[in-house]
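Here is the structure we will look at, set down as structure tokens.
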Amino acid sequence: MKAIILNQTGGVENLIVSEVPAPELKPQDVLVRVKAISINPVDAYLRANESAHPHFLQTGPDEKPIILGWDISGEVKSVGSSVTNFKEGDEVFGMVNFPGHGKAYAEYTSAPASQLAKKPVSVSFEEAAGATLAALTAYQSLVIYAQIKAGDKVLIHAAAGGVGHFAVQLAKAFGAYVIGTASSANRDFVLSLGADEFIDYQNEKFEEIVTDADIIIDSQYGNHVERSVQSLKKGGRLISLLTPVYEELQTALTEKHAFYHQLLVQSNGEDMQALAALMESGKLKTHVSKIVEFGQMDEAHRQIETRTTRGKVIVKGI
Ligand SMILES: NC(=O)c1ccc[n+]([C@@H]2O[C@H](COP(=O)([O-])OP(=O)(O)OC[C@H]3O[C@@H](n4cnc5c(N)ncnc54)[C@H](OP(=O)(O)O)[C@@H]3O)[C@@H](O)[C@H]2O)c1
């Protein structure tokens, strides 16, 4: 089968379409003919940084070639002997084997049945592929860790991005009051997702505008999380997608009696089913801002590296 392989880390020219053996199918696995793939910042990070491979891909130095990617939608080709919830021909989507060697940039990928959900009929393969890693991150942050409930005031940073645009919609679906940050070019987009308020982070200080948030999703580097603590109310919940606790941050969190969690998203079929139900009911939609062909993976990586992507970038299956 065809796959996009990475023999050595570096620039986008290192993503090479090549012929590789088809994946093996374990008893609990489903073999999926990939129809669409979504791209995340971590894909580009791993393309360029070998030292991060053990953490995110769980690969050793001899495991070559690397096949990047985790986010797929597609059609079930065959199922392992112990799989009962999927059959050949089912349309599925999911984030496969994260953290781990997902091998999604391929014609076929295999994944445990426990990590997939059936794709709603009304949702395209491109939209479904987009609602995987980013959507699971938003879901696990808000629902599993922050335990969102109706009436919560929720501040979502990078509300126009992959994670953020799902987080705004999810928080609204749970009955929260939602404030989103982005640059002014994304004001109308963020409000169209259902946000109640918009903050232009380039011209306004969010911590001076919001000081009583119940929940904050922070996805920015540096001491941004310390600024987010200022926006929390006492006893609030702060979920960071990037920053481990450090001394000054711990002091600020303790003063606020705040809950803090550094999230690393995990493959989870039950969470995928919850997302599928929200998509089916029209409460959650993927904004696909760019679709490229399988052979244009370099273009998709360049786009995600701009850090200004609106919604999701999708690569078609081969
Ligand atoms: N820990 C985990 O499990 C996990 C999971 C998913 C993602 N992440 C990380 O979370 C971050 C976001 O992921 P993503 O997929 O949403 O990325 P993305 O789609 O590339 O995010 C792009 C968006 O970020 C916005 N943005 C950039 N700087 C901003 C700032 N200072 N304040 C507010 N918005 C800003 C941009 O809006 P403007 O163009 O308007 O500036 C753009 O719409 C990445 O670093 C990613 O690696 C971690």
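Legend: translational diffusion of the range 85-200 by Stokes-Einstein, Rh = Kirkwood radius over C-alpha pairs, 20 °C, 1.002 mPa s; D = 138 µm²/s.
Whole-Hz Karplus values for the range 26-43 come out as 7, x, 8, 9, 10, 9, 10, 7, 6, 9, 7, 10, 10, 10, 10, x, 5, 4 Hz, taken residue by residue from phi with 6.51 cos²θ - 1.76 cosθ + 1.60 and θ = phi - 60°; glycine and proline positions read x. At full extension, SER78 and HIS257 could sit 59.4 nm farther apart than now, given 0.36 nm per residue minus the alpha carbon distance.
Each Cα pair under 8 Å and six or more residues apart adds its sequence gap; the mean of these over the residue count of the chain is a relative contact order of 20 percent.
Listed by chain and number, the lysines whose alpha-carbon sits under 26 Å from that of LYS64, ignoring those within fewer than 8 places in the same chain, are LYS2, LYS26, LYS35, LYS77, LYS103, LYS316. What does the charge add up to near GLY80, with Lys and Arg as +1, Asp and Glu as -1, over the other residues with Cβ less than 9 Å from its Cβ? Residues close to GLY80 contribute a combined charge of 0. Each 10 Å bin from zero up to the one holding the largest Cα-Cα distance in the range 134-262 carries the following percent of pairs: 15, 51, 31, 3.
Spatially close Lys pairs in the range 134-262, defined by Cα atoms under 13 Å apart and a spacing of eight or more places or different chains, total 6.
Taking only the Cα atoms of the range 9-151, the radius of gyration and Dmax are 15.7, 52 Å. Look at where the Cα atoms of the range 239-295 and of the range 1-29 average out, and the two centres are 27 Å apart. Ordered from longest to shortest, the equivalent ellipsoid semi-axes for the chain are 33, 21, 18 Å, each the square root of 5 times a Cα gyration tensor eigenvalue. Evaluating 6.51 cos²θ - 1.76 cosθ + 1.60 at θ = phi - 60° for every residue in the range 246-255, the Karplus couplings come out as 10, 4, 5, 5, 4, 4, 5, 5, 5, 4 Hz, glycine and proline recorded as x. Near SER38: Cβ cut-off under 10 Å, other residues only, Lys/Arg at +1 and Asp/Glu at -1. The net charge is -3. With both residues required to sit in the chain, DSSP beta bridges show an antiparallel share near 55%. Comparing THR132, GLY222, LEU170 along the charge dipole axis of the range 111-232, the residue lying farthest to the positive side is THR132, per the Cβ-charge model. DSSP finds beta bridges in the range 67-185, and of those with both partners inside it, around 65 percent are antiparallel. For the chain, adding -39500 (n - 2.57) for each run of n ≥ 4 DSSP H residues and dividing by the number of residues yields -7000 deg cm²/dmol at 222 nm.
Bear in mind that the values in this text are calculations on the coordinates, not laboratory data. Note that the structure is a prediction, hence the values are computed from the model and not measured. Glycine gets a Cβ as well: all are built from the backbone with ideal geometry, and neighbour counts include every protein chain shown.
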